[in-house]
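See structure below.
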Amino acid sequence: MRFWFFLCCWTGSTLVAAVPAEVRQALQAFRTEGPKGWSFTQTTSAEGRQLVEHYDAGQPEFRRWTLITQDSQPPSALDTKNYREKFTRQSRGGDGPRLNQQIDLATLTTLADTPDQTTFTARLKTPENGDRTAAFLRAIFVWNKGSQTIKSFTIESIESFSPTLGVKIAEMRTTMTYSRPSADRPSLLENVTTRLRGRAFWLKSLDADMIVEYSDYKPAVAPHRPRNK
C-alpha cells in the first residue's frame, strides 16, 4: 500500500538568483523516508481500509516488518504467513526515492517567505532512463529556518498527462511532512498524504486518496548475538 502520487500550478513565484548555502545543504542531506536507524509504527489508511505495521530497523532486511492489525483486527495465521512470504519475493527496505537529486536547482523559485520558514518550488530533471513524467511535475518544499531542515516536501503535477498508453492522469499529489529535530532525535517523517485523479482506457477510474502516519519512533537496537566460546 505504498504509493507516491503528485499536483498544482505556477503562481506568484519569485526567481531565486542563487540557492542559499544552508538550503542547498538541507536538500543534499534530505531523505524522503527520513534518517536510517529508527524503528517505527506505520498506519496506512486508504479506500476505507487500514493497515498497521511495525518496522524494526535493528533486524535483518526480511525480518524488519511485522503486521500488527488489518482493519483494526489482529491478523490471522494465514494473514501473517502471506505477509511474511511477500518479503521473500521482493525487498522492502527503508530507502525511498531520492527526489532531492531530481530537483532542478536552476528553476528554484520562492513561493512564500516568513521569519520562520521559506517555501520553494522547482521543476524536476528528466532521469537518465528517459522517463518523461518528470516534465509534468514540480516539487514544493518548506524549509524551516530555525532548525534548517525540510518541514514538508510535495511532488505534484502541473498539468494532465499520460504516463503510459491508455492511462490519463488529471491530478497527482504527494505531500510528506516531517517533525522538527530535538536534542535526542533528528527530523523524522510524520505522515504522507497522496491524491490521484485519473482514468484507465476511458472506463476505469484511478481516483484514490491515502494517508500514511508514522509513530512510536525509537532508535534501532541490534539483535543480541551471543559470543562464541
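The values are calculated or read from the model by the stated rules, or taken from the named source; none is laboratory data. Every value quoted in this text rests on a predicted model; they were computed, and no experiment measured them. Heads up, the Cβs are rebuilt from the backbone with ideal geometry, glycines too, and the neighbour counts pull from every protein chain shown.
Assorted remarks:
- Of the listed requirements (1) surrounded by 11 or more Cβ atoms within 10 Å (Cβ to Cβ); (2) at pLDDT 85 or above, SER72 misses just one: (1).
- Unmet requirement for GLN28, which otherwise passes all of (1) at pLDDT below 95; (2) surrounded by 13 or more Cβ atoms within 10 Å (Cβ to Cβ); (3) under 17 Å from the mean Cα position of the chain (by Cα): (2)
- Residues located in region 197-215, provided they are surrounded by fewer than 15 Cβ atoms within 10 Å (Cβ to Cβ) and outside any strand (DSSP E or B): PHE201, TRP202, LEU203, ASP207
- Sole residue being part of a strand (DSSP E or B) and either within 22 Å of GLU22 (Cα to Cα) or among the aliphatic types (A, V, I, L, M) (or both), chosen from THR174, THR194, THR154: THR154
Residue-wise test of (1) within 20 Å of the chain's Cα centre (by Cα); (2) buried (at least 16 other Cβ atoms within 10 Å of the Cβ).
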{"position": "LEU99", "(1), (2)": "yes, yes"}
{"position": "ALA106", "(1), (2)": "no, no"}
{"position": "THR114", "(1), (2)": "no, no"}
{"position": "THR126", "(1), (2)": "yes, no"}
{"position": "LEU165", "(1), (2)": "no, no"}
{"position": "THR175", "(1), (2)": "yes, yes"}
{"position": "SER182", "(1), (2)": "no, no"}
{"position": "PRO186", "(1), (2)": "yes, yes"}
